[in-house]
Amino acid sequence: MKTGPPPLHPGTRRTPGDRGGPPLPGAATSPGGSAADRSAEPPADGEDRVTDAALRPRDLDGFIGQERVREQLDLVLRAARRRGAAADHVLLAGAPGLGKTTLAMIIAAEMEAPLRVTSGPAIQHPGDLAAVLASLTGGEVLFLDEIHRMSRPAEEMLYLAMEDFRVDIVGGTGLDATALSLDLPPFTLVGATVRSGLLLPPLRDRFGFTAHMEFYDPAELERVVHRSARLLQVEIDPAGAAEIAGRSRGTPRIANRLLRRVRDYAQVTADGVVTRRIAAAALRVYEVDGRGLDRLDRAVLHALLKLFDGGPVGLSTLAVAVGEERETVAEVAEPFLVREGLLARTPRGRIATPAAWAHFGLAPPPEAPRTAPPEPHRNGAPGPGARPGRPAPRRSPSR
């Protein structure tokens, strides 16, 4: 009978070169977001990666936003520390850039446990997962980013490892096949996904706590901008922070990236102080408008409005019109445009909403004429919408 995992063993914090593991919070490097999120941003140089790591909060108290998730996660971690046991497995679901990786690092820091980082695309065979699990130490936190992109056989192996802390490995083929059962030390799996619906129900049900990350409101993003500006030693006034927050698409990662670009502009063209005027001028240079739309967003809407009269138009045709891949338009541009109410997905294709026409200051095309024939009057005369010169259809006399 299973009595629960044994108490934690004290672990040492891993350095970047120790068994290939990643650094803990505050180190110089940090894992990136999902593939869709990375395609939406320019490649970061070494300085930006160091800056991203420095801006990450180290504990739940320093984490801004996601109040409900923070409160629930704090209870889970505090209870695990009182029991002296590994915390329950945690699933973090939400759009890219909302803090899933940061929360995984905070979980390891709060539990005073080492952190191991890997990703779903790197685990395509059960043997890949078995190698990672076999090298874990007691109480270690395993962060599995993009967990929905793991192979199905690996997911099935993960079921047993999460529930019973054991993996079964089969070696050889045919009559020479042998089965080996490997016991694992208690560990905490933290999975991150932007598509929780792609996880198999048995895997999703084995997480003891699921956190649904939501987009930030402008007030929370202003706090993020002020905190990051303080860490970067950038002088910024409240109006400048509000200007950056309003164009950050509800995402802290984008807010921090825009702050760094505005800082560069202020240092080169002004006295280094970020005001509303400086922030607006800098973001015009980087093609981010007042609503947060970037070059790709405006290209998609411009093609939809000007070339296709607002749609409907198929995704492949729209992607060709803007010179991008189909997946780029669907995964990078469309989610934000749909959330802003500027674009709608219909069974016939993509269509522009009235808000999209208004955003560009354009008038929507007139409504298409009716194609169904008008209903004639009872006396056989043509109805009010009938075309002149065409007789109305005669009604057969009733018997």
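The values are calculated or read from the model by the stated rules, or taken from the named source; none is laboratory data. Here the structure is a predicted model, which is why all the values come from computation and not from measurement. Cβ: placed from backbone, ideal geometry, glycine included. Neighbour counts: every protein chain shown. Keep in mind that these areas ignore ligands, DNA and RNA; they rest on the heavy atoms of the full protein, side chains included. Shrake-Rupley method; radii C 1.70, N 1.55, O 1.52, S 1.80 Å.
For the reader, a short list of remarks on this structure follows.
- Long-range tail of P(r) for the range 245-368 (Cα pairs > 16 Å, %): 63
- Probe 1.4 Å, accessible area per residue of the range 203-258, Å²: 44
- Sorting 138-149, 340-351 by their mean Cβ neighbour count within 10 Å, with the most densely packed peptide first, gives 138-149, 340-351.
- The packing ranking of peptides 125-134, 220-229, highest mean first, is 220-229, 125-134, where packing means the average number of other beta carbon atoms within 10 angstrom of each residue.
- Relative protection proxy for 360-366, 81-87, from highest mean packing down: 81-87, 360-366 (other beta-carbon atoms within 10 angstrom).
- FRET efficiency, L315 to D271 (Cβ-Cβ, R0 51 Å, nearest 0.05): 0.65
- Only protein atoms count toward the accessible area here, which uses a 1.4 Å probe; on the range 264-334, the carbon and sulfur part of that area reaches 48 percent.
- Using the Cβ-Cβ distance between L200 and L362 with R0 set to 51 Å, the FRET efficiency from 1/(1 + (r/R0)^6) comes to roughly 0.65.
- Taken over the alpha carbons of the range 162-291 as equal point scatterers, the Debye sum produces base-10 log I(q)/I(0) values at 0.09 Å⁻¹ of -0.49.
- The length gained on full extension between H212 and R82, counted as 0.36 nm times the residue separation minus their Cα-Cα distance, comes to 44.3 nm.
- Solvent-accessible surface of the range 84-140, taken per residue with a 1.4 Å probe and all protein chains present: 25 Å².
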